[in-house]
Amino acid sequence: MNSNLKQKSTSKSISIMGIRGLPARHGGFETFAERLAPYLVAAGWQVTVYCQEDERLETYESYWNGIRRVHVGVGSDTAVNTIRFDWACISHALRDRPSVVLTLGYNTAAFGLRLRAAGIPNVMNMDGIEWMRQKWGWAARTWLYANDWAGCLGATHLVADHPEIARHLESRVAARKITTIPYGATLPEPTGSEALDALGLAPGRFLTVIARPEPENSILEIVQAFSARPRNCRLVVLGKFMPERMPYHAAVMAAASEEVLFPGAIYDPAIVHALRIHSLLYVHGHRVGGTNPSLLEAMGAGNAVLAHDNPFNRWVAGEGAEYFHDMRSCGEALDRLLGDETRRIAMGQRSLDRVYDTFAWGDVLSAYESLLDEVRVWAHGHPSWPRHALSHGPHAQPQGQEGEVSQ
């Protein structure tokens, strides 16, 4: 290795991949990266983020808030082009030689073995147990299952955003190779109800569901439970529904009473914030996954939470939420909660307390920076790192300034 490459590899330089790019426009990992990248810049890191472009063009660079962005044009947003994008990102990182890579998600984790072979440490956030999702066919599940193993075995260190995810990873690798750092929650600023006017909604007269319309998110059970009797309020179900193409979507919409509203997929932050702030109850039906960003945002808005009863949701929402198993128990919970404002107010306060105690962004970002720096220093001092693992602790929780939720 020449002296320039060696100097760069031992500096505080990081490449972040696995997302569509910055600024965030697509999902939870992009939102997380939009917070982490500036935090690392402020901490003295040289940060590179890879951005997927939907046109075929030559790779080019730009800067955004002190972050170097590498734009890779692979064409339209398809599964094949996303795979091509991930391959191109790793190829670029092999030439760039950052001191550490942070990979968000494991969908193409097998490609990361190229980083291992080149001696570039790779910290991987393993996200949820993606291959268990019902929406995938056998080919996709096989691909994701194989990459779950590839990420576990090939990455230098693994991040789990939930204790249940950590337990899953421990079935594949030693606990010392895993650090648990949850996702962070943001407290939205108080906002008026003007953004709701276009939807015909009144503050405190609706419930919200924000999720992809898929069976594993219990959308049908929630709509059936709500529609079983008149509620004198609205159920707002955000998401892109295509009933003409998707039988499940058609079944959900057919089960809905006139009090259910399907406004589509809404990305306008002002409208989404207003929905959360002025909702009287948030219903969360996800059955698979780790720390769900949508659930955390609802808790940060002080919503009372009614969630599907599983270990993922119980750890995130805690004892302050209520839980359901199926359509019947969901309906019974709605009957209780919609008639008990005092209970809902108490639940909303418990949501806020849980966010402050466990999901403060300041703590989360500090924990990531500490882990990335430890991996960087450790890997530089141990050129034989593929044969070892960090002793960072199996379930390390972020430490930092308590209560710093929004930055």
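Tabulated results
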{"quantity": "Dipole axis of the chain (+1 Lys, Arg; -1 Asp, Glu on Cβ), positive-most option in A255, P203, Y50", "calculated": "Y50"}
{"quantity": "In Å, descending, principal axis extents of the Cα set of the range 302-389", "calculated": "62, 26, 12"}
{"quantity": "Sulfur and carbon atoms: percent of accessible area, the chain [1.4 Å]", "calculated": "52 percent"}
{"quantity": "Estimated inter-spin distance, S171 and E55, nm [label 7 Å along Cα→Cβ]", "calculated": "4.6 nm"}
{"quantity": "Centroid-to-centroid separation of the range 76-128 and the range 144-171 [C-alpha atoms, Å]", "calculated": "15 Å"}
{"quantity": "Cα-based helix-to-principal-axis angle, 341-358 vs the chain, degrees rounded to 10", "calculated": "10 degrees"}
{"quantity": "Expected 222 nm ellipticity per residue - DSSP helices of 4 or more, -39500 (n - 2.57), all of the chain, to 500", "calculated": "-12500 deg cm²/dmol"}
{"quantity": "The chain, dipole about Cα centre (Lys/Arg Cβ +1, Asp/Glu Cβ -1), debye to the nearest 20", "calculated": "1240 debye"}
{"quantity": "Net charge, S227 excluded, C-beta distance under 10 Å - Lys, Arg +1, Asp, Glu -1", "calculated": "0"}
{"quantity": "Gyration tensor verdict on the range 196-284 (Cα atoms; rounded if a/c is under 1.5, prolate if a/b is larger than b/c, oblate otherwise)", "calculated": "oblate"}
{"quantity": "Rounded tilt (10° steps) of 138-154 against the dominant C-alpha axis of the chain", "calculated": "50 degrees"}
{"quantity": "Global geometry of the range 107-168, whether rounded, prolate or oblate, following the gyration tensor of its Cα atoms and the 1.5 cut on a/c", "calculated": "oblate"}
{"quantity": "GNM flexibility winner over the chain from H284, H92, H162 (Cα, springs under 10 Å)", "calculated": "H92"}
{"quantity": "Neighbourhood charge, 12 Å Cβ-Cβ cut-off, centred on A317 and excluding it, Lys, Arg +1 and Asp, Glu -1", "calculated": "-1"}
{"quantity": "Cα gyration tensor, the range 1-136 - rounded (a/c under 1.5), prolate or oblate", "calculated": "rounded"}
{"quantity": "Neighbour net charge for L261 - beta-carbon separation under 14 angstrom, K R +1, D E -1", "calculated": "0"}
{"quantity": "Estimated dipole of the range 177-267 in Debye, rounded to 20 [Cβ of Lys and Arg +1, of Asp and Glu -1, Cα centre]", "calculated": "200 debye"}
{"quantity": "The range 299-381: relative contact order in percent, alpha carbon pairs under 8 Å with at least 6 residues between", "calculated": "35 percent"}
{"quantity": "Relative contact order, percent, the chain [alpha-carbon distance under 8 Å, six or more residues apart]", "calculated": "15 percent"}
{"quantity": "Cα-derived Rg over Rh, computed across the chain with Rh taken as Kirkwood radius", "calculated": "0.98"}
{"quantity": "Crossing angle, helix 28-42 versus the chain [Cα axis fit, 0-90 degrees, rounded to tens]", "calculated": "50 degrees"}
{"quantity": "Calculated FRET efficiency for the pair A254/T142, C-beta based, R₀ 30 Å, to 0.05", "calculated": "0.35"}
{"quantity": "Cα convex hull of the range 232-364 - mean projected area over all directions, nm²", "calculated": "8.8 nm²"}
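The values are calculated or read from the model by the stated rules, or taken from the named source; none is laboratory data. Since this is a predicted model, take the numbers as computed values, not measurements. With ideal geometry, Cβ positions are generated from the backbone for all residues, glycine too; neighbour counts draw on all protein chains shown. The accessibility values were calculated without ligands, DNA or RNA, using every heavy atom of the protein model including side chains. Shrake-Rupley method; radii C 1.70, N 1.55, O 1.52, S 1.80 Å.
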